[in-house]
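Nothing in this text is a laboratory measurement; each read-out follows from the coordinates by a stated rule. No experiment lies behind these values; they were computed from the predicted model shown. We place every Cβ from the backbone using ideal geometry, glycine too, and count neighbours over all the protein chains shown.
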Amino acid sequence: MRKPRDFDADLKALDDKARELKTRKVRQLGELVIVTGADALSADELVGALIVLAETKEAGKREAWAKRGAAFFQSRARRTSAATDRNTEGAAAQQSGPQSASVRKGTA
């Protein structure tokens, strides 16, 4: 005979997952506000702008906004990868720096 399914446990697991996803979404939206510089706006200004965006039905405007957003993320990705490359090179230089100083101390 099959083991009965614990629907309460399944519902609790789904509820926990939904709560986790909502928390992640809120965190990501907050990060977007900060990274775009929109955190300098007042809450009223930000909400007003978002309402206008949400109410806009013109496909041309929405497409232009989407392209601008994609360009923003692509430029950030390029800057992030360039910064990562610079950090890797800097870390290599920092690693060799102390070694050469200790070698100099040993020979002096």
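Cross-link check: pairs K22/K57; K25/K57; K17/K67; K22/K67; K3/K25 evaluated at a Cα-Cα cut-off of 30 Å; pairs beyond the cut-off: K17/K67; K3/K25.
Computed over the Cα atoms of the range 1-55, pair by distinct pair, the Kirkwood hydrodynamic radius stands at 14.3 angstrom. Which net charge results for the neighbourhood of L32, defined as the other residues with beta-carbon distances under 13 angstrom from its beta-carbon, given Lys and Arg at +1 and Asp and Glu at -1? Neighbourhood net charge equals +2.
Ordered by the number of other Cβ atoms lying within 10 Å of each residue's own Cβ, fewest first, F7, F72 fall into the sequence F7, F72.
Take the Cα of Q74, step 7 Å toward its Cβ, do the same at V33, and the gap between the two points is 2.9 nm. One chain, two ends: K67 and V47. Fully extended at 0.36 nm per residue, the span grows by 5.0 nm beyond their Cα-Cα distance.
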